[in-house]
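The values are calculated or read from the model by the stated rules, or taken from the named source; none is laboratory data. What you are looking at is a predicted structure, and each value in this text was computed from that prediction instead of being measured. Counting neighbours? That spans all protein chains shown, and the Cβs are built from the backbone with ideal geometry, glycine included. When the accessible area is computed, the model is the full protein with side chains, heavy atoms only, and any ligands, DNA or RNA have been set aside. Shrake-Rupley method; radii C 1.70, N 1.55, O 1.52, S 1.80 Å.
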Amino acid sequence: MAYKISDECIACGACEAECPVSAISEGDGKYVIDPATCTECGSCADVCPVGAPQAE
Ligand code: SF4
Ligand code: SF4
């Protein structure tokens, strides 16, 4: 299962640059993860200030 960004996301963009496979992009009001690309490395969760990316 991929990581998923919850509605807690404040759209700061910090996670996008940290993703080694470029699975994160800006969505409608928050950032989103492409589940087909995510390798579950956890880097996005490590840098997120609000804990929005969570393993499903
Ligand atoms: Fe990218 Fe890793 Fe986050 Fe998946 S868990 S979106 S691969 S940084
Ligand atoms: Fe949203 Fe967290 Fe990514 Fe910032 S680091 S865009 S708050 S998921």
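Below is a table of values for the structure above.
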{"read-out": "Filter result for CYS15 (surrounded by 14 or more Cβ atoms within 10 Å (Cβ to Cβ) and part of a loop (DSSP other than H, G, I, E, B))", "value": "no"}
{"read-out": "Test: residue in the stretch 12-30 that is in contact with a Lys or Arg (Cβ under 9 Å, 6 or more places away or on another chain) and at pLDDT 95 or above", "value": "no"}
{"read-out": "Total residues in the stretch 27-38, condition closer than 15 Å to GLU16 by Cβ and either within 11 Å of ligand 1 (Cβ to nearest atom) or touching a residue at least 24 places away in the same chain (Cβ under 8 Å) (or both)", "value": "7"}
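Condition check ((1) assigned to a loop (DSSP other than H, G, I, E, B); (2) of a type in the set (Val, Ile, Thr); (3) more than 8 Å from ligand 2 (Cβ to nearest atom); (4) open to solvent by 90 Å² or more (accessible area, probe 1.4 Å)) across all residues:
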| site | (1), (2), (3), (4) |
| --- | --- |
| GLU8 | yes, no, no, yes |
| VAL21 | yes, yes, yes, no |
| SER25 | no, no, yes, no |
| GLY29 | yes, no, yes, no |
| CYS41 | yes, no, yes, no |
| ASP46 | no, no, yes, yes |
